[in-house]
1. Do we find that residue 114 is within 27 Å of residue 47 (Cα to Cα) and either out of contact with any strand residue (DSSP E or B) (no Cβ under 7 Å at 6 or more places or on another chain) or modelled with pLDDT of 95 or more (or both) in this structure?
2. In the range 50-94, which residues are over 13 Å from the mean Cα position of the chain (by Cα) and farther than 18 Å from residue 111 by Cβ?
3. Suppose we keep only residues that are over 22 Å from the mean Cα position of the chain (by Cα) and part of a loop (DSSP other than H, G, I, E, B) within the range 95-146. Which one would you say is surrounded by the most Cβ atoms within 10 Å (Cβ to Cβ)?
4. So residue 111 fits all but one of (1) out of contact with any helix residue (DSSP H, G or I) (no Cβ under 6 Å at 6 or more places or on another chain); (2) farther than 24 Å from residue 68 by Cα; what number is the exception?
5. Only one residue in 56, 82 is at pLDDT below 95 and either surrounded by 21 or more Cβ atoms within 10 Å (Cβ to Cβ) or assigned to a helix (DSSP H, G or I) (or both), so which one is that?
């Protein structure tokens, strides 16, 4: 056997191993995001800590902002809830759900005029929705009762 053939039998498998290892190291992990942010895409996250982590991952995620606002409302932190709803509206001004939630919160905080404006904005993207009409009616009733 020639010297070339002996060397190729020895180093060819090693060279192939190095090429494959180098190619695999450059590939992104298939599920790296799911490992770091396990509940963000499943809509199962409801606790403040998880939702805040999801928001760090995607600061403009309207659904996460709305869910985080709801979680803050549950935790009796209305200032934080309002801030999240306003961020959601800034990210997507046509989000009827964000306008609706903000309107309900404003009404609960004794701001019927703000609630009326949010009901009107929600009605533009969700015309005819019963809860939007109810918010508008409640805001009008409270506004006239002041």
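The values are calculated or read from the model by the stated rules, or taken from the named source; none is laboratory data. What you are looking at is a predicted structure, and each value in this text was computed from that prediction instead of being measured. When we count neighbours, we look across all protein chains shown, and the Cβ atoms used for this are built from the backbone with ideal geometry, even at glycine.
1. Values: within 27 Å of residue 47 (Cα to Cα): no; either out of contact with any strand residue (DSSP E or B) (no Cβ under 7 Å at 6 or more places or on another chain) or modelled with pLDDT of 95 or more (or both): yes.
Considered against the rule, which asks whether it is within 27 Å of residue 47 (Cα to Cα) and either out of contact with any strand residue (DSSP E or B) (no Cβ under 7 Å at 6 or more places or on another chain) or modelled with pLDDT of 95 or more (or both), residue 114 comes out as no.
2. Within the range 50-94, the subset over 13 Å from the mean Cα position of the chain (by Cα) is 72-83, 86, 90, 93-94.
74, 75, 90, 93, 94 - these are the residues of the range 50-94 that are over 13 Å from the mean Cα position of the chain (by Cα) and farther than 18 Å from residue 111 by Cβ.
3. By that ranking, first place goes to 111.
4. With (1) out of contact with any helix residue (DSSP H, G or I) (no Cβ under 6 Å at 6 or more places or on another chain); (2) farther than 24 Å from residue 68 by Cα applied to residue 111, the lone miss is (2).
5. Values: 82 fails: at pLDDT below 95.
Result of the check over 56, 82: 56.
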